[in-house]
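**Q** This is the structure, below, for whatever I ask next.
Read-outs: derived from the displayed coordinates by stated rules, not from any lab. What you are looking at is a predicted structure, and each value in this text was computed from that prediction instead of being measured. Here Cβ is always computed from backbone atoms with ideal geometry, including for glycine, and neighbour counts include all displayed protein chains.
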Amino acid sequence: MSVLNASIADFYSDTQTLPSKAMLESVLNVVTGDERQGACPTTNALCERVADLFGMEDAVFLPSGTMCNQIAIAVHTSPGDEIICARESHIVFAECGGLAKLSGAMVSVIDCDRGVFSAHDVRRLCRPPSSFSPRSQLLVTEQTLNLGGGAVWPADQLAEVSGLAKELGLSVHMDGARVLNASVATGVPVSTYATHHDSAWLAFSKGLGCPVGAVLTGSRDFIRDAWHFKRMFGGAMRQTGVLTAMCLYALDHHVERLVEDHLRAAKIAKGLQGCELFSRIYPVETNIVLAEIDSECGVLASTLRDFLGQMGVKIMAVGVNRIRMITHRDVDDAGVLLLMNGIEAFLSNKMAT
Ligand SMILES: Cc1ncc(COP(=O)(O)O)c(C=O)c1O
């Protein structure tokens, strides 16, 4: 639990975690310097460590995951190029159309269950070179899939998809915001998931519990180009050691415990099974629970969210008929109980009206 005043029932997102006392203390004796001049030993150490984790040559520290994605897109594409990805990818639904504004790119989306697609889908959408069509240039994968309910790409399927993309001449980028959740859940090393990828990143401000930060990895040439856009997009900072010390702390102390989040998410999903309100509880593989409200019930996701909110339980409404709950280090079993009681109270209330 954090030192600060975290709600025990905030399932809105794992981004809601607050830094622990020990994490904050890790900053006190930090050795830092100007990261733009390569003079922050702590940031350099973090970048080296994350590059090793992914099996990449180099890495760069960035303030957010969105910036990792947008910089990777800027490096890999030219205006007019097409990106292939799942319809429910974060770069499509939650980055304000940045790929179009910042890089002039367009997208060709794959409709697939839980965001996991096949090599056949990539072959189908990749355009052959022609004098009139856009250039298919980049494939983006997401591990785990946020709007896929934390679905994990099986390593062999991911390698097949990314391997084919390389054969077809595409660059391949991984939005690995929660790749450590996948790795902890399956035992598959992060570097295996990164096979055939040209760039990949992981978030520190989600399950790892840091307030800020993400690290983007790739080849030396890719990271040199990424630095160009880091400065252009305003992501170049100064004494980042005060942030990256917490990220190093998280790598040492907050990775193995992700399994606790996964167990709690499974517990929530089990508790929702059989509840007449829901037509589908997505399979839980990591720390995300996604549930579809039965259209017969005539209940909007936002109505359920607001009701739970009044009971001190925060969840996310995804569109009109899905709710998302994410477990993390600042929710415990008491929070899960509060959530379950809240849903039961909603049902009783609905019956009574
Ligand atoms: C899969 C995925 N990618 C990217 C991001 C963006 O990260 P940030 O909020 O650090 O910009 C998120 C945020 O939740 C995410 O879930």
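**Q** Based on the Cβ-Cβ distance of Thr192 and Ala45, what FRET efficiency does E = 1/(1 + (r/R0)^6) give at R0 = 22 Å, to the nearest 0.05?
**A** Here the calculated transfer efficiency is 0.40.
**Q** Taking all pairs of different Cα atoms in the stretch 87-227, averaging 1/r and flipping that mean, what Kirkwood radius in angstroms comes out?
**A** On the way: mean 1/r = 0.0635 Å⁻¹.
The answer is 15.7 Å.
**Q** Now for a separate question. When Lys and Arg each count +1 and Asp and Glu each count -1, what net charge do the other residues less than 9 Å away from Ala291, Cβ to Cβ, add up to?
**A** Neighbourhood net charge equals +2.
**Q** Multiply the residue gap between Asp113 and Ser302 by 0.36 nm, knock off their C-alpha separation, and tell me the result in nm, one decimal place.
**A** The span from Asp113 to Ser302 would gain 65.7 nm if fully extended.
**Q** Which aspartates and glutamates have a Cα less than 18 Å from the Cα of Lys101, not counting those fewer than 8 places away in the same chain?
**A** Within the straight-line limit of under 18 Å, Lys101 reaches these aspartates and glutamates: Asp81, Glu82.
**Q** If you don't mind, another one. Would you list His254, His197, His228 from fewest to most Cβ contacts within 10 Å? Display every interim value, and only then the final one.
**A** Numbers: His254 22, His197 27, His228 12.
With the sparsest Cβ surroundings first, the list reads His228, His254, His197.
**Q** Another question about this same structure. Could you sort 48-57, 294-303 so that the peptide with the highest average Cβ count within 10 Å comes first and the rest follow in order?
**A** Peptide ranking by packing, descending: 48-57, 294-303.
**Q** Kindly rank 172-179, 244-251, 184-191, 151-158 from highest to lowest mean number of other beta carbons found within 10 Å of each residue. Each step should come with its number before you reach the end.
**A** Values: 172-179: 28.2, 244-251: 24.9, 184-191: 16.2, 151-158: 19.2.
Put in order of decreasing packing, that is 172-179, 244-251, 151-158, 184-191.
**Q** Enumerate the calculated ³J(HN,Hα) couplings along the stretch 314-319 in order (Karplus 6.51 cos²θ - 1.76 cosθ + 1.60, θ = phi - 60°), each rounded to whole Hz, writing x wherever the residue is Gly or Pro.
**A** Karplus values, whole Hz, x for Gly and Pro: 9, 9, 10, 8, 10, x.
**Q** Across 10 Å bins from 0, what is the distribution of all Cα-Cα pair distances for the stretch 258-352, in whole percents?
**A** 17, 55, 26, 2
**Q** Neighbouring Cβ atoms within 10 Å as the yardstick, rank Tyr193, Tyr282 fewest first.
**A** Tyr282, Tyr193
**Q** Still on this model: Ignoring solvent entirely, what values of log10 I(q)/I(0) come out of the Debye formula for the chain at 0.07, 0.11 Å⁻¹ when each Cα is a single scatterer?
**A** -0.30, -0.75
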